[in-house]
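Below: one structure, written as structure tokens.
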Amino acid sequence: MFALCDANSMYASCEKVFDPSIRNKPVVVLTNNDGCICAACGIAKRMGVGKKFVPYFQVKKELEAAGVVIRSSNYELYADLSQRMMDTCARFAPDINVYSIDECFLNYGKEATAPQEGWDNLASTIRKTVWREVRLPICVGIGPTPTLAKVANHASKNVSGFTGVAVLDNENTRKHVLKQLAVTDVWGIGMRLGAKLNALGIHTAWELANRDPSQIRKAFSIIVENTVRELNGEVRHCWETVRVAKKEIYSTRSFGNRVTDYDELRAALAGHAETVSVKLRKQKCVTGSMTLFATNSPHDNGGYVRRSFFHRFTVPTNDTRNILNVIDSAMSQLFQPGVYYYKCGVGLMDLHEQGLFQYDLFNASNDNPRLMACMDNINSRYGRSTVQMAAKGFEQRFSMKRAFLSPQYTTQWPDIPKIKC
DNA sequence: TCTGGGGTCCTAGGACCC
DNA sequence: TCTGGGGTCCTAGGACCC
């Protein structure tokens, strides 16, 4: 059995933890650069405002009129509260898989028999404990496959009769819940696939579950076939222990203000190069190729400009210095005077497990793993960018817009809440 | 005044080579 | 003179997730 624990409106809920004055108000959180809405609390949702990924400027007046509290994304706060939530959840299972900042899977093993108190009570206990210890509201869904745990979690929030927990441990409940679930609410089925499935007369999760998996594979892909099998209780996701290594690693950001300066674009790319290098080493991999890109906004006048630069390393590397060295040759391709750059990024592809790659006799690696490990250790102990490459620059000229940022209550000394006696 | 998220995987199709 | 198959690598864009 698997459990999926998922925080309700994570970002909006985090904003309420240390600020009692907004607990009973509608709260909406914006994405990077205050660009779009990315989370809305229950109160805001019930008022019908805060639709996900709508550009903020388009609904600004409406939100103001409704008295909605606006917050910029405070990732430092969310990441810390997420860690606390995961620590608490982890105590309730032999194995945990943190799937995203606001959800984790708990794995109870293949032959899991119901715990003494029963699955329902276990789910309730997890939920109450996270509320008591972290003050985050979560929902818990339990089922025999990860996809069914996701279904149960969805049901715990949306199907009448469930209040925050749902367990799919028998045929009747499975059928009852799948029949009420739209096919597009199934994990892995988005808008596009949903439309195609609708055209085939498949509207509910139940109808999808009852299709022949091999037919579905022919019409769609192995991914949809696996979804059908998981809906029927056959485990296809293999996350028994650790998450599979990523095949590509990216870091991209839009700028707070448009960038037209050569040095600024270069520094931004250096920052992304450093970010992906750190992620690469965390995954214990080396990279064989790298892509860099810079674009203006497709919404700006004067046509879309997208420039990209591809580089293949003669010797696979995970040394930040080798990865940074590519930027100067890339810049001559990417930078064009007069373009108002809106976004740039760096991606690493062709990843190999460190140590498994066969090096060429004539192309020895010039990586310095001890130096990199030293930098990584200092930064993980004393905070990001305690030591960094100079190429990234020390002024945050292109830092993102965060006009409605709350304090970093748990990660910055000056921001720690004070209690007046 | 202007404003439009970020990450990963997959694949069709173009470019290039032999 | 003109034409042609098949493989690899890269790019752009689609699709999905949160």
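Relative to the longest principal axis of chain A, what angle (0 to 90°, nearest 10) does the C-alpha long axis of helix A:146-158 take?
It works out to around 70 degrees.
Would you kindly find the accessible area of A:H176, with a 1.4 Å probe and non-protein molecules such as ligands, DNA and RNA excluded, rounding to the nearest 10 Å²?
Rounded to the nearest 10, the figure is 90 Å².
For chain A, what is the relative contact order in percent, using Cα pairs closer than 8 Å and at least 6 residues apart in sequence? Write down the numbers at each step before the final one.
Values: 719 pairs, mean separation 64.8, N = 421.
Contact order relative to length: 15 percent.
Given a 1.4 Å probe and heavy atoms of the protein chains only, how would you sort A:I419, A:I222, A:I249, largest accessible area at the top?
Numbers: A:I419 150, A:I222 80, A:I249 5 Å².
Highest to lowest solvent-accessible surface, that is A:I419, A:I222, A:I249.
What residue among A:C374, A:I419, A:L231 has its Cα farthest toward the positive end of the dipole of chain A, where the charges are +1 on Lys, Arg and -1 on Asp, Glu, each on the Cβ?
Towards the positive end, the residue furthest out is A:I419.
Using the Cα centre as the reference, give the magnitude of the dipole from point charges on the C-beta atoms of chain A (Lys, Arg: +1; Asp, Glu: -1; all else neutral), rounded to the nearest 20 debye. Mind dumping the intermediate values first?
Values: 53 positive and 40 negative charges, 178 e Å.
Computed about the Cα centre, the dipole is about 860 debye.
Quick one: length gained pulling A:T129 to A:A90 fully straight, 0.36 nm per residue minus the C-alpha distance? Before the final figure, lay out the partial values.
Values: separation 39, 0.36 × 39 = 14.04 nm, distance 1.16 nm.
My answer for the length gained is 12.9 nm.
Multiplying the sequence separation of A:H299 and A:L200 by 0.36 nm and subtracting their Cα-Cα distance, what value in nm do you get? Each step should come with its number before you reach the end.
Numbers: separation 99, 0.36 × 99 = 35.64 nm, distance 3.57 nm.
That pair, A:H299 and A:L200, stretches by 32.1 nm at full extension.
Taking amide hydrogens as modeled 1.01 Å from N in the peptide plane, which residues meet the under 5 Å criterion relative to A:V167, leaving out close sequence neighbours?
Those lying under 5 Å, H to H, from A:V167 are A:I142.
Which length gain, in nm to one decimal place, applies between A:N366 and A:S332 when the Cα-Cα distance is subtracted from 0.36 nm times their residue separation? Don't skip to the answer; put the middle values down first.
Details: separation 34, 0.36 × 34 = 12.24 nm, distance 2.53 nm.
Result: 9.7 nm gained on full extension.
With each run of n ≥ 4 DSSP H residues scored as -39500 (n - 2.57), what mean residue ellipticity at 222 nm is computed for chain A after dividing by its residue count and rounding to the nearest 500 deg cm²/dmol?
Numbers: 15 runs with 159 residues, N = 421.
Taking each H run of at least 4 residues, the total per residue is -11500 deg cm²/dmol.
Dipole of the range A:1-169, Cα-centred, from +1 at each Lys and Arg C-beta and -1 at each Asp and Glu C-beta, to the nearest 20 debye?
With only Lys, Arg, Asp and Glu charged at Cβ, the dipole is about 580 debye.
Determine the order of A:L405, A:L136, A:L351 by accessible area, beginning with the largest, at a probe radius of 1.4 Å. Present the calculation step by step, with values, prior to reporting the outcome.
On the way: A:L405 70, A:L136 0, A:L351 35 Å².
Largest accessible area first, the residues go A:L405, A:L351, A:L136.
Restricting things to Cα coordinates, could you compute the convex hull volume per residue of the range A:249-392 in Å³? Before the final figure, lay out each step's value.
Numbers: hull volume 15.7 nm³, N = 144.
In the range A:249-392, the Cα hull volume divided by residue count equals 109 Å³.
For the range A:1-169, which semi-axes, largest first and in whole Å, follow from the square roots of 5 times the eigenvalues of its Cα gyration tensor? Provide the component values of the computation, followed by the final result.
Numbers: eigenvalues 193, 50, 38 Å².
Largest first, the range A:1-169 gives 31, 16, 14 Å.
With each label point set 7 Å from Cα along the Cα-Cβ vector, what nm distance links A:Q354 and A:I222?
2.9
If you average 1/r across every pair of different Cα atoms in chain A and take the reciprocal, what Kirkwood value do you get, in Å?
24.3
Can you list the residues, at least 5 places off or on another chain, whose amide H is less than 5 Å from the amide H of A:S289, using H built in the peptide plane?
Those qualifying (amide H under 5 Å, at least 5 residues apart or on another chain) are A:F313, A:M349.
Which entries of A:K61/A:K343; A:K157/A:K401; A:K218/A:K246; A:K45/A:K150; A:K61/A:K150 have Cα-Cα distances beyond 30 Å here?
Working: A:K61/A:K343 27 Å; A:K157/A:K401 33 Å; A:K218/A:K246 27 Å; A:K45/A:K150 21 Å; A:K61/A:K150 36 Å.
From the list (A:K61/A:K343; A:K157/A:K401; A:K218/A:K246; A:K45/A:K150; A:K61/A:K150), the Cα-Cα distance tops 30 Å for A:K157/A:K401; A:K61/A:K150.
Would you mind getting the accessible area per residue of chain A, heavy atoms of the protein chains only, 1.4 Å probe, in Å²?
Details: 22740 Å² over 421 residues.
Accessible surface, normalised per residue, equals 54 Å².
Got a sec? What order do A:K392, A:K401 fall in by accessible area at 1.4 Å, biggest, i.e. largest, first?
So the residues, ranked largest to smallest area, are A:K401, A:K392.
Which residue fluctuates the most in chain A, going by a Gaussian network model with Cα springs under 10 Å, if the choices are A:R91, A:R370, A:R127?
A:R370
Skipping prolines and chain starts, which residues have an amide H placed within reach, meaning under 5 Å, of the one on A:C36, given they are 5 or more residues away or on another chain?
A:T31, A:Y56
For the range A:1-169, what does the relative contact order come out to in percent, with C-alpha contacts under 8 Å and a separation of six or more? Don't skip to the answer; put the middle values down first.
Values: 315 pairs, mean separation 46.3, N = 169.
That works out to 27 percent.
Can you send over the carbon and sulfur percentage of the accessible area for the range A:249-392, probe radius 1.4 Å, protein chains only? It would help to have the intermediate numbers written out before the result.
Working: 3780 of 7770 Å².
That fraction is 49 percent.
At what distance in nm do the modelled label points of A:I416 and A:N210 sit from each other, each positioned 7 Å from its Cα along Cα→Cβ?
6.0
Using a Gaussian network model of chain A whose springs link C-alpha atoms within less than 10 Å, name the residue from A:I96, A:I22, A:I70 with the highest mean-square fluctuation.
A:I22
The values are calculated or read from the model by the stated rules, or taken from the named source; none is laboratory data. All values derive from a computational prediction rather than experimental measurement. Here the Cβ is made from the backbone with ideal geometry for all residues, glycine too, and neighbour counts use every protein chain on show. Just so you know, the surface numbers come from the protein's heavy atoms only, side chains and all, with ligands and any DNA or RNA stripped out. Shrake-Rupley method; radii C 1.70, N 1.55, O 1.52, S 1.80 Å.
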